Structures are given as structure tokens and as C-alpha cells.
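Derivation of every value follows stated rules applied to the coordinates shown; laboratory data play no part. All values derive from a computational prediction rather than experimental measurement. Neighbour counts run over all protein chains shown; Cβ positions are idealised from the backbone, glycine included.
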4 protein chains.
Amino acid sequence: MEKSTTPRTVIVELCRQFYAQGWVSGTGGGISIRQDGRVYLAPSGVQKERIAERDLYVLSESGDILEQPASAGLKPSACQPLFFNAFRLRNAGAVLHSHALPAMLVTLLYGEAFECTELEMMKGIEGHGYYDRLRVPIIDNTAHECDLADSMAQAIEQNPRAHAVLVRRHGVYIWGKDWVQAKTHAECYHYLFDAAVQMSKLGLGLPTQSSKR
Amino acid sequence: MEKSTTPRTVIVELCRQFYAQGWVSGTGGGISIRQDGRVYLAPSGVQKERIAERDLYVLSESGDILEQPASAGLKPSACQPLFFNAFRLRNAGAVLHSHALPAMLVTLLYGEAFECTELEMMKGIEGHGYYDRLRVPIIDNTAHECDLADSMAQAIEQNPRAHAVLVRRHGVYIWGKDWVQAKTHAECYHYLFDAAVQMSKLGLGLPTQSSKR
Amino acid sequence: MEKSTTPRTVIVELCRQFYAQGWVSGTGGGISIRQDGRVYLAPSGVQKERIAERDLYVLSESGDILEQPASAGLKPSACQPLFFNAFRLRNAGAVLHSHALPAMLVTLLYGEAFECTELEMMKGIEGHGYYDRLRVPIIDNTAHECDLADSMAQAIEQNPRAHAVLVRRHGVYIWGKDWVQAKTHAECYHYLFDAAVQMSKLGLGLPTQSSKR
Amino acid sequence: MEKSTTPRTVIVELCRQFYAQGWVSGTGGGISIRQDGRVYLAPSGVQKERIAERDLYVLSESGDILEQPASAGLKPSACQPLFFNAFRLRNAGAVLHSHALPAMLVTLLYGEAFECTELEMMKGIEGHGYYDRLRVPIIDNTAHECDLADSMAQAIEQNPRAHAVLVRRHGVYIWGKDWVQAKTHAECYHYLFDAAVQMSKLGLGLPTQSSKR
């Protein structure tokens with residue numbers, strides 16, 4: 001496996017990849033990695049596909065800044081409290097935030113939660129089998145990203161099998177035990193969101209019903 | 001930040017990126033940067049993903065040619081008067097022109113202006129919050145690009161919060177205080193245009209209404 | 001032809017390409033090559049776009065492990081019995097498995113089999129002409145991938161002209177006499193699946209009827 | 001302009017680019033360049049994104065083979081008579097053939113010809129202004145590609161302003177006075193085809209009517 005070995009390298013590499021996939025355009029979205037008691041995080045409002053390793057913040061697990069980016073005039077990503085939710089409540093090793101259009105669109109197609117069943121890609125989400133019912137809670141958006149922290153924490157606690165929280169008219173937070181699992185989860189969730197969007201466009205309804213009825 | 005440091009380098013780099021995103025195919029579209037009293041501009045009718053740094057014009061802020069491209073037989077982009085509108089009326093540091101299909105399509109879905117509200121990506125446009133009403137005026141196209149200058153200037157003056165003007169059945173002009181902001185604005189506006197197109201395909205209507213009614 | 005010369009090189013290269021095309025995201029899908037009595041196969045549950053040549057298994061044609069990946073803790077892809085179906089029943093030289101969204105979606109638009117006629121890209125599938133009726137059987141998905149082996153074998157035997165088997169709500173297996181033909185078949189089948197999806201979205205119906213009626 | 005300087009280099013480069021855009025997948029499609037009395041052409045049935053400069057045929061303007069590819073067992077592209085139609089009847093310097101899905105789909109949305117008006121990208125097609133009526137004839141497909149030659153020649157002669165011929169349920173041939181213009185024409189035509197497909201999906205009808213009625 002050509003695994004990039006430091007969190008800084010991985011974040012820079014994944015930000016470029018996520019940008020190419022339309023997940024983090026317009027400086028939105030990003031990814032944070034927690035490793036050996038340190039949290040690596042991009043600054044707020046920067047072009048994600050252009051960050052360099054020296055641009056990252058390093059925080060303690062209690063949120064104190066341990067290392068600053070080389071450039072002045074920055075502040076940590078506004079996603080910080082949301083990322084820390086997953087670190088604290090789920091012991092996540094990596095969390096990413098995506099504005100991908102299919103993630104945003106499913107929040108308009110569903111009510112309180114995205115749900116699906118009997119789609120093979122569900123099996124890429126830890127703890128889920130093909131015949132399960134996969135559920136991702138949808139919380140309402142707020143004017144300021146930090147104000148999402150409480151409702152996101154509540155949604156995480158009420159949905160113990162979910163590895164993601166959708167934010168209405170906004171996007172999605174997705175995590176995993178390490179960056180590899182977070183990325184795999186993200187690819188599977190985005191596939192499922194897109195599947196629901198495409199099925200809806202085809203007049204096939206949403207993938208919420210078992211095909212066995 | 002791996003910021004490319006000269007306007008020539010940035011223009012060449014962004015033209016390749018915009019081409020890959022479908023914004024400047026068929027020699028259409030482009031980007032101009034104003035820096036230190038000099039305006040950098042691509043020639044008319046050239047393949048944007050293949051221009052080199054030596055192919056650019058450098059103009060004064062009053063539009064006089066200061067430096068010619070290395071190749072003979074070229075003339076400055078037909079977008080020049082449109083780009084200068086944003087430089088003069090908005091003190092922009094960079095302006096780009098895109099023919100992206102979603103930008104063109106929203107001009108067929110909306111009347112006098114593209115409008116949306118309560119979409120997170122609005123926050124990437126300077127001066128806009130989540131609960132605001134974002135508005136981009138739509139002007140009618142003309143047979144010759146230069147003939148758009150007056151109606152574009154009028155639309156800019158009548159829409160002081162907009163950082164963009166759509167042209168019906170054509171595309172969009174988008175600017176920012178520098179190339180970084182212009183690019184961020186462009187990515188956010190294109191996302192919002194695409195969101196409106198996708199919502200319309202899904203039978204969800206256009207994102208013009210608050211979800212709070 | 002810049003043909004990569006070893007099966008290990010080809011698999012690594014094609015996995016990156018398939019990932020970029022959305023065929024093998026979320027660790028799903030993959031490709032196996034059989035050459036000179038040896039079968040090259042990726043491990044299970046790894047990110048396909050990041051595998052290296054040393055990560056592959058080499059199996060005998062009876063399925064015994066001849067060479068292990070350099071990394072510990074891996075097991076061969078769960079697709080192994082499905083890949084071997086095509087090696088044994090069709091003497092295939094390469095088999096690939098894709099989760100591409102259009103491949104999954106056509107299994108919701110069709111019943112027992114995907115069918116089409118009079119589409120030029122059918123001619124890229126060995127044994128098919130423009131006026132033929134192309135048919136790809138659709139088998140039902142199972143909770144565990146290995147449980148697909150029998151129904152896939154049956155579908156292969158009942159559809160001697162097909163070089164692929166679709167799996168409902170899951171994806172597709174596609175093969176060829178060597179990796180070049182398997183890849184060509186895969187591109188043609190994916191094109192045909194996408195054509196059916198797009199035609200359906202356009203209200204044109206499915207491409208099952210001759211235009212000559 | 002970073003113009004690649006030999007026809008061999010340009011063909012290899014453009015084949016990779018066209019493949020990435022979905023125009024020449026599954027060994028379909030391709031491009032031929034005529035320069036200094038010599039015609040450069042890819043072999044039949046090869047993966048277009050993997051051809052090397054030494055893989056090309058060089059033909060005389062009367063179709064005799066002047067240079068063979070390095071690899072044995074090949075034959076010239078089945079598109080040859082179609083490419084020569086444009087060389088002979090229109091004095092084209094380059095012709096390309098694309099199977100892009102939007103090009104195929106418009107042949108199902110239109111009858112005898114693709115038509116549009118008042119779309120800015122029309123201006124990228126030589127001889128067309130914004131208020132003109134752009135027309136691309138659609139000929140019926142045949143079992144064998146070479147059998148298209150006569151009906152394509154007739155369509156070319158009956159549509160003197162078109163730089164392209166669509167083939168129903170198949171794709172499109174597009175040319176220009178040199179490879180730069182052929183590529184620009186191709187990007188503009190593909191944009192217009194896609195615009196018609198998207199407008200149709202949005203329930204906006206086809207772009208055949210002036211907005212001024």
C-alpha cells in the first residue's frame with residue numbers, strides 16, 4: 001500500500017483528491033486527522049487543493065494550538081468543533097467535511113434522516129450489512145458553522161451506528177477510526193447519496209424499501 | 001499556501017484548471033488579473049488550456065497595450081471591455097468568464113436574476129450570510145461580446161452586492177478583490193448554479209424560497 | 001502501443017484509472033489477470049487506487065496462494081470465486097468488477113437482463129453487431145459476495161454470448177480473453193448502461209426496440 | 001502557444017485528452033490529421049489513450065499506405081473513408097470522430113438534423129453567429145462503418161455550412177481546417193449537444209426556437 005506516512009502529507013494529498021471530486025470547492029469542507037494525541041487541521045477559508053504541509057495547525061486533544069501555520073493571519077477551520085465532536089464522542093481518528101452536491105441534495109429529498117437498504121456499497125460502512133437499514137441523521141443548518149456543534153453531538157449520540165451526520169442545505173461530516181476508514185466511509189456514503197439522487201431523477205423513488213416485499 | 005507568485009503564472013495555471021472543469025472549452029471564457037497598475041489578459045480565440053506565459057497581453061489600466069504576446073497575429077480577448085467593467089466599477093483584482101453549462105442553464109430557468117437562499121455555499125461569496133437572498137443579475141446576450149459592456153455596467157451598478165453578472169444563453173462574469181477571491185467566488189457561484197439545475201431536475205423547484213415558511 | 005508489460009503493473013495502473021472513472025470507489029470492485037497459469041489478484045478491502053505491485057496475491061489456477069502481498073494482515077479479494085468463474089467457464093484472461101453507478105442503476109430499470117439493440121458501441125463487445133440484441137443477465141445480490149458464485153456461474157452458462165453479469169443493486173462483472181479486451185468490453189458495457197440511464201431520464205424509454213419498426 | 005509540433009505528437013496527445021472527456025472510450029472514435037500531403041491515422045480497434053507515435057499509419061492523400069505502425073497485425077481505422085470525405089469535400093486539415101454520449105443522445109432527440117439557435121458557443125463554429133440557425137445533419141447508422149461513406153458525403157454536400165455530421169445511435173464526425181480548429185469545433189459542438197440534452201431533461205424543450213418570439 002503506498003500509504004502516505006504523516007498526517008500532514010495525508011491531509012495535503014486528500015485535500016487535492018477531494019477537490020478533484022467536487023467535495024471541497026470554494027474553500028469549503030476539509031479533513032482533520034487525530035494521531036498520537038495531536039490533531040492536524042487546515043486553516044479556515046483557504047483553497048483546500050492548494051494547502052501545503054506547513055499550512056496546517058496542530059492542536060492538542062483539548063483544542064489548544066500546539067503549532068501554527070507558517071503563514072500569518074490565519075485561524076483554524078470553522079469546522080473545528082464539529083471535527084472534535086467525532087474525535088470525542090466516537091474516538092474517531094479522522095473526520096472529513098464535504099459540500100458535495102449529492103450530499104447536499106439528499107437533505108432536500110429526505111426528512112429527519114437519509115435512509116437506504118439493499119445497496120452493496122452499504123457494506124463499506126463499518127457495522128452495516130446488505131439487508132440492514134442504513135441511517136444518517138440530518139440536522140438543520142445554522143447561520144454560523146460553530147452553532148452546529150450541539151445538534152451534531154445530539155445526532156451522533158442518538159444514532160450510534162452512523163459514521164456521518166448530514167447538514168441540511170449544506171453538506172456532510174463523515175468519520176472513521178483512521179484516515180483510511182474515514183476515506184472509505186466517505187466514498188461509500190457519497191455513492192449512496194448519489195444513488196438516491198439518480199434513482200429519484202429516474203422516477204424510481206428513494207432506496208428506502210426492501211426489494212423483497 | 002502554494003500560491004503561484006506572478007499573474008502570468010497564475011493565469012496559465014487557472015486556465016488549465018478551468019478547462020478541466022468545463023468552464024472555458026472551445027476557446028471561450030478566460031481570466032484577467034489586475035496587479036500593480038497592470039492588467040494581464042489572454043488573447044482572443046485561443047485554446048485556454050494551452051496558453052503559455054509569453055502568450056499574454058499586458059495592458060495599462062486605461063486599456064493601452066504595454067506588452068504583446070510572443071506570437072504574432074493575435075488580438076486581445078473580446079472579453080476585455082467586460083473585464084474592465086469589474087476593474088473600474090468594483091476595483092476588482094481579477095475577473096473570470098465562464099461558459100460552464102450550469103451557468104448557461106440557470107439563465108433559462110430564471111428571469112431577470114438568479115436568486116437563491118439558505119444554501120451553505122452562499123457564505124463563500126463576500127458579504128453574504130446563510131439567510132440572505134443572493135442575487136446575480138442576468139443580462140441578455142448580444143451578437144458581439146463587446147456590445148455587452150453597457151448593459152453589464154448597468155447591472156453591476158444596480159446590484160451592488162453581486163460579484164457576478166450572468167449573460168443569457170451564454171455564461172457568467174465573476175470577480176473578486178484578487179485572483180484567490182475571484183476563484184473562490186467562481187467555485188461558489190458555479191456550485192449554486194448547479195444546485196439550482198439539479199433541484200429543478202429533481203422536481204424540487206428553484207432554491208428561491210426560505211425553508212422556514 | 002504503450003502496453004504495460006507485467007500483470008502486476010497493469011493491475012496497479014488500471015485500478016488507478018478505474019478509480020478515477022468511479023468504478024472502484026470505497027475499496028469496492030477491482031481487477032484480476034490470469035497469465036501463464038498464474039492469477040494476479042488484489043487483497044480484500046483495500047483502496048484500489050493506492051495499491052502497489054507488491055500488494056498483490058498470486059494464485060494458481062486452482063486457487064492456491066503462490067505469493068503473498070508484502071503487507072501482513074490481508075486476505076484475497078472477496079471477488080475471487082466470481083473472478084474464477086470467468087476464468088474457468090469462459091477461459092477469460094482478465095475479469096474486472098465495477099460498482100459504477102450506471103451499472104448499478106440499470107439493474108433497477110431492467111428485470112432479468114439488461115438488453116439493448118442498435119447502439120454503435122455494442123460493436124466493441126466481441127461477437128456483437130449493430131443489429132444484434134445484446135443481453136447481460138442480472139442476478140440478485142446476496143448478503144455475502146461469495147454466495148453469488150453459483151448464480152453467476154448459472155447465468156454465464158445460460159448466456160453464452162454475454163461477456164458480463166450484472167448483480168442487482170450492486171454492480172457488474174466483465175471479462176475478456178486478455179486485459180486489453182476486458183477493458184474494452186468494460187468501457188463499451190459501461191457506455192451502454194449509461195446510455196440506457198440517460199435515455200430513461202430523457203423520457204426516451206430503454207434502448208430495447210429496433211428503430212426500424 | 002504550447003503547440004505540439006508534429007501530427008504524430010498532436011494525435012497521441014489529443015487521443016489521451018479525448019479519452020479523458022469520454023469521446024473515444026472502448027477503442028471507438030479517434031482523430032486523423034492531414035498535413036503536407038500526408039494523412040496521419042490511428043489503427044483500427046486500439047485503445048486510443050494508449051497509442052504511441054510509432055503506432056500511427058501515414059497515408060497518401062489518395063489513401064495509399066506510406067508508413068506502417070511499428071506493431072504488426074494492425075489495419076487502418078475503419079473511419080478512414082469517413083475521414084477522407086472531409087479531407088476531400090471540405091479540404092479539412094483534421095477530422096475527429098467521437099462517441100460522446102451527448103452526441104449520441106441528440107440523434108434520438110432530433111429527426112433529420114440537430115438544430116439550435118441563440119447559444120453563445122455557436123460562435124466558436126466557423127461561419128456562425130449568435131442569431132444564426134446552426135444545423136448538423138443526422139445520417140442513419142449502418143452495420144459497417146465504411147457503409148456510412150456515401151450518405152455522409154451526401155450530407156456534407158447538402159449542408160455546406162456544417163463542419164460536422166452526426167450518425168444516429170452512434171456519434172459524430174467533426175472537422176476543421178487544421179487540428180486547432182477541428183478541436184475547437186469539436187468542443188463547441190459537444191457543448192451544444194450537451195446543452196440540448198440538459199435543456200430536454202429540465203423540460204425546457206430543445207434550443208431550436210429564438211427567444212425573441
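Values for this structure:
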{"quantity": "Hull shadow area, averaged, region D:37-148 [alpha-carbon convex hull, nm²]", "calculated": "8.8"}
{"quantity": "Nitroxide proxy distance, nm - points 7 Å out along Cα→Cβ at A:A52 and C:K177", "calculated": "5.4"}
{"quantity": "Pairs beyond 22 Å (Cα-Cα), from C:K48/C:K123; B:K123/B:K183; D:K48/D:K183", "calculated": "C:K48/C:K123"}
{"quantity": "10 Å Cβ neighbours from other chains, averaged over peptide B:195-203", "calculated": "5"}
{"quantity": "FRET efficiency, 1/(1 + (r/R0)^6) with R0 22 Å, evaluated for A:D36 and A:N91 via beta carbons", "calculated": "0.95"}
{"quantity": "Label distances, nm, C:S151 versus same residue in remaining copies, Cβ-directed 7 Å point", "calculated": "4.1, 4.1, 5.8"}
{"quantity": "D (Stokes-Einstein, µm²/s), Kirkwood Cα radius, region C:118-213, 1.306 mPa s at 10 °C", "calculated": "111"}
{"quantity": "Unit charges on C-beta of K, R, D, E only; dipole of the protein assembly as shown, Debye", "calculated": "520"}
{"quantity": "Cβ-derived FRET efficiency at R0 35 Å, D:L202 paired with A:S44, nearest 0.05", "calculated": "0.45"}
{"quantity": "Signed unit charges on C-beta, dipole axis of region C:69-213, positive-most listed residue C:L134, C:G93, C:L105", "calculated": "C:L134"}
{"quantity": "Residue closest to axis [chain A; rotation mapping onto C; Cβ; Å]", "calculated": "A:K201, 4"}
{"quantity": "Label 7 Å beyond Cα on the Cβ vector: D:S211 copy-to-copy distances, nm", "calculated": "3.1, 3.1, 4.4"}
{"quantity": "Debye intensity ratio I(q)/I(0), log10, the protein assembly as shown, q values 0.05, 0.07, 0.09, 0.10 Å⁻¹ (C-alpha model)", "calculated": "-0.27, -0.55, -0.95, -1.20"}
{"quantity": "Within the protein assembly as shown, percent of DSSP bridges classed antiparallel, to nearest 5", "calculated": "95"}
{"quantity": "Ranked by how many other beta carbons lie within 10 Å on average, peptides C:18-27, D:200-209, D:84-93 from highest", "calculated": "C:18-27, D:84-93, D:200-209"}
{"quantity": "Inter-copy spacing of A:R38 label points, which lie 7 Å from Cα along Cα→Cβ, given in nm from shortest upward", "calculated": "4.1, 4.1, 5.9"}
{"quantity": "Quarter of Cα convex hull surface for region C:18-103, i.e. mean projection, nm²", "calculated": "5.6"}
{"quantity": "Cα-only radius of gyration and Dmax that characterise region C:1-68, units Å", "calculated": "11.8, 33"}
{"quantity": "Sequence of A:C146, A:C79 once ranked by neighbouring C-beta atoms within 10 Å, starting from the fewest", "calculated": "A:C146, A:C79"}
{"quantity": "Within 10 Å of each Cβ in C:84-94, the average number of Cβ atoms from other chains", "calculated": "0"}
{"quantity": "Translational diffusion of region D:171-213, µm² s⁻¹ [Kirkwood Rh, Cα pairs; Stokes-Einstein; 10 °C; 1.306 mPa s]", "calculated": "135"}
{"quantity": "For chain B, alpha-carbon Rg relative to the globular expectation (2.2 N^0.38 Å, N residues)", "calculated": "1.00"}
